[in-house]
Structures are given as C-alpha cells and as structure tokens.
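The block underneath contains the structure these notes are about, expressed in structure tokens.
The values are calculated or read from the model by the stated rules, or taken from the named source; none is laboratory data. Quick caveat, the model's predicted, so the values are computed rather than measured. Here the Cβ positions follow ideal geometry from the backbone for every residue, glycine too, while neighbour counts run over all protein chains shown. What goes into the accessible areas is simple: the full protein's heavy atoms, side chains included, and nothing from ligands, DNA or RNA. Shrake-Rupley method; radii C 1.70, N 1.55, O 1.52, S 1.80 Å.
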Amino acid sequence: MESTGSRDRFPQLFAGLTLLSASLIVSSFLWAGAIRNIKRVDDALLITGSAKRPIKSDYIVWKVALSSQQPTTQAAYQELKARIDRVRRYLKDAKVPESEISLDSLETVALPELINGKETGKTFAYKLSQKLEIRSNQVDRYSKLSQQITELINEGIPLTSEPPEYLYNELSKLRIEMVAEATKDAKARAESIATTTGNRVGGVRSADTGVFQITPRHSTVVSNEGRYDTSSIDKD
C-alpha cells in the first residue's frame, strides 16, 4: 500500500519500512550477556527482549478514483472533468480544505475495436482515469467521509473510494523509546536466568535491534522482515 506521495511526504516512515510492522509495535532486542560459570568463565547467554505499545494513527491518506469512457479523448476528458468537479464540490461542502486535496496524473487508455474477438486495428473508445488524493491529520473525520462519499454513485458518478491509509507520524521517536524498553526487558530476563542457575550477568558481548511489527490492534500476525499495517486506525 505504498504510494509515491506517501514516500515523499514521510521518508522517515518508509526508509525503514522493513523495520516496521502492522498495528503491533514490537521491538526485539538481542542481549548477549557473559555468564560467569565455575567451570567456564567465557560462557555467553543470548537473550531476546521485547516491548509493546498501543498507538493510534494520526495521519490519513485517502484516494477517490474516477474514470470516463467515450469515443474521443475530448469527450472522455470533458466527462471526467465534470465528475471531478462534482466530487470537489462534495468535499468542499464537507468542509475539506482545498490545501488537503490534490490530483494525481491523468491516465489515458485507447480501447481497441473488436469484431468476433479480433482487433480490427481501429480504436473503439478512450478511457481516461484520474484520482483525487486527500491528506490530513483529521483521521476519524475523513475515515467516516470515505464511506459516505459513495452517495455520489446515486447521482451517476462512477467513483471508487479506495481504502484509506492510516499512518503514524511519531515512529522515529517511538522506535528509540521502545528499543530502550526492550533492552531493559532483555536485561531482566538475563538476570532472572543467571540467578536461577546460580550465576551472575557479566558485561555485554554484543547487542542488536530486531524488527518492528506494527499490526492492527490485538493482531498476532507478524513477519521476520517486520510489518507496517496501514489498514487500521488503532494499532499495536
């Protein structure tokens, strides 16, 4: 679900996408602690710590797709323009600022004429498509609007309201905080194991951060590469 606009707007989110996961932010941290043993003083224990927090998306990217098909490009463009203007008026009536609306590039496809399933070499019609993109921090409001806008279909406007993308702007800050929490968790686990076995934790040999999993609230779906869910407002 990644668009070029999203990548440009939030490089801090997508630069480390492999470190992120859908709605369940779980930061793994590997703790290698030296364990002092009576027989062997160079034994080491590899410990994995984790941390989890609930978050709520604070940014929405929502697209409305429109198209037109006519015998000529001029006719298709005029029809498409009229439909886009109608959607813009709808958004304006819904108090959506013009600054939060943008138009994607226009796509044109020539549809070949077919007779008995074979192309004749002529063009039957032209199909033009374009998307309106809305970006805002008013997540709840526009999430609801994305479901209501289909009312325009009753007016004969063949639009498609695409599922919104729900993002979280503070991932960079949160990542640092959660690595610290996961580190404390790993250390506590190492000390618990050492105490139980009559040993003690020595110095850290090496440490490595694992992946972030951002998943829908209460989801258990994770990935070795990390996940970044954009389909839900409430995430873990």
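A few notes on this one:
- Segment 57-83, subset surrounded by fewer than 18 Cβ atoms within 10 Å (Cβ to Cβ) and among the β-branched types (Val, Ile, Thr), residue farthest from ILE233 (Cα to Cα): THR72
- ILE84 meets each of the listed conditions (1) within 17 Å of SER143 (Cα to Cα); (2) under 27 Å from the mean Cα position of the chain (by Cα) apart from (1).
- Residue match in segment 206-218 (condition: under 21 Å from the mean Cα position of the chain (by Cα) and farther than 22 Å from SER57 by Cβ): yes
- Counted residues, segment 140-159 - those being of a type in the set (A, V, I, L, M, F, W, C) and not in a helix (DSSP H, G or I): 2
- The numbered conditions (1) surrounded by fewer than 15 Cβ atoms within 10 Å (Cβ to Cβ); (2) within 30 Å of ARG86 (Cβ to Cβ); (3) in contact (Cβ under 8 Å) with a residue 24 or more places away in the chain are all true for SER161 except (1).
- Tabulated pairs, segment 121-142, first in contact (Cβ under 8 Å) with a residue 40 or more places away in the chain and within 15 Å of SER161 (Cβ to Cβ), second open to solvent by 10 Å² or more (accessible area, probe 1.4 Å) and of a type outside the set (Asp, Glu), C-beta under 6 angstrom, 6+ apart or interchain: SER129/SER67; GLN130/LEU106; LYS131/LYS63; LYS131/ALA65; GLU133/LYS63; GLU133/SER102; ILE134/ILE101
- Test result for GLY202, over 19 Å from the mean Cα position of the chain (by Cα) and within 20 Å of LEU91 (Cβ to Cβ): no
- Cβ-Cβ distances below 6 Å connect the following pairs, each with a first residue in segment 56-74 that is farther than 15 Å from LEU106 by Cβ and among the aliphatic types (A, V, I, L, M), a second residue that is open to solvent by less than 20 Å² (accessible area, probe 1.4 Å) and modelled with pLDDT under 95, and a separation of six or more residues or different chains: VAL61/SER6.
- Residue list for segment 164-193, filter: aromatic (Phe, Trp, Tyr) and either open to solvent by less than 30 Å² (accessible area, probe 1.4 Å) or without any contact (Cβ under 8 Å) to a residue 60 or more places away in the chain (or both): TYR166
- Residue match in segment 122-139 (condition: surrounded by fewer than 11 Cβ atoms within 10 Å (Cβ to Cβ) and not basic (Lys, Arg)): no
- Residue list for segment 161-215, filter: of a type in the set (S, T, N, Q), under 26 Å from LEU46 (Cβ atoms) and part of a helix (DSSP H, G or I): THR183, SER192, THR195, THR196
- Among the residues of segment 107-126, just one is β-branched (Val, Ile, Thr), touching a strand residue (DSSP E or B) at 6+ places or on another chain (Cβ under 7 Å) and over 17 Å from GLN70 (Cβ atoms), namely THR120.
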